[in-house]
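Asker: This is the structure I want to talk about, given as structure tokens.
The values are calculated or read from the model by the stated rules, or taken from the named source; none is laboratory data. Note that the structure is predicted; figures quoted are calculated from it, not measured. Here the Cβ positions follow ideal geometry from the backbone for every residue, glycine too, while neighbour counts run over all protein chains shown.
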């Protein structure tokens, strides 16, 4: 039986940047490099897109949910 699986990877990274756009570019570059080195994600698992949006953390953001990404 052929079964389709729609999957999503969700994450939040704490990135040091001058602007939200710069932070988005840093994350996109890292994820693109990762995808290029791990062809199985696209070839076997069907990964087709990477999407994200930068924002300035507010009082409702739980610091335990933020991954500290030091460069």
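Asker: Go through the range 45-60 residue by residue and tally those that are loosely packed, with under 10 Cβ neighbours inside 10 Å and free of Cβ contacts under 8 Å to residues at least 12 places away in the same chain.
Answerer: Adding up the residues that qualify gives 6.
Asker: Could you check, for the range 6-20, whether at least one of its residues is surrounded by fewer than 13 Cβ atoms within 10 Å (Cβ to Cβ), more than 21 Å from residue 61 (Cβ to Cβ) and in contact with a helix residue (DSSP H, G or I) (Cβ under 9 Å, 6 or more places away or on another chain)?
Answerer: no
Here's the yes/no breakdown for (1) at pLDDT below 85; (2) under 13 Å from the mean Cα position of the chain (by Cα); (3) assigned to a helix (DSSP H, G or I):
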residue: 17; (1), (2), (3): no, no, no
residue: 23; (1), (2), (3): no, yes, yes
residue: 31; (1), (2), (3): no, yes, yes
residue: 54; (1), (2), (3): no, yes, no
residue: 57; (1), (2), (3): yes, no, no
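Asker: Collect the residues in the range 22-44 that are under 28 Å from residue 3 (Cβ atoms) and surrounded by 11 or more Cβ atoms within 10 Å (Cβ to Cβ), keeping them in residue-number order.
Answerer: Selection gives 31, 34, 35, 38, 41, 42.
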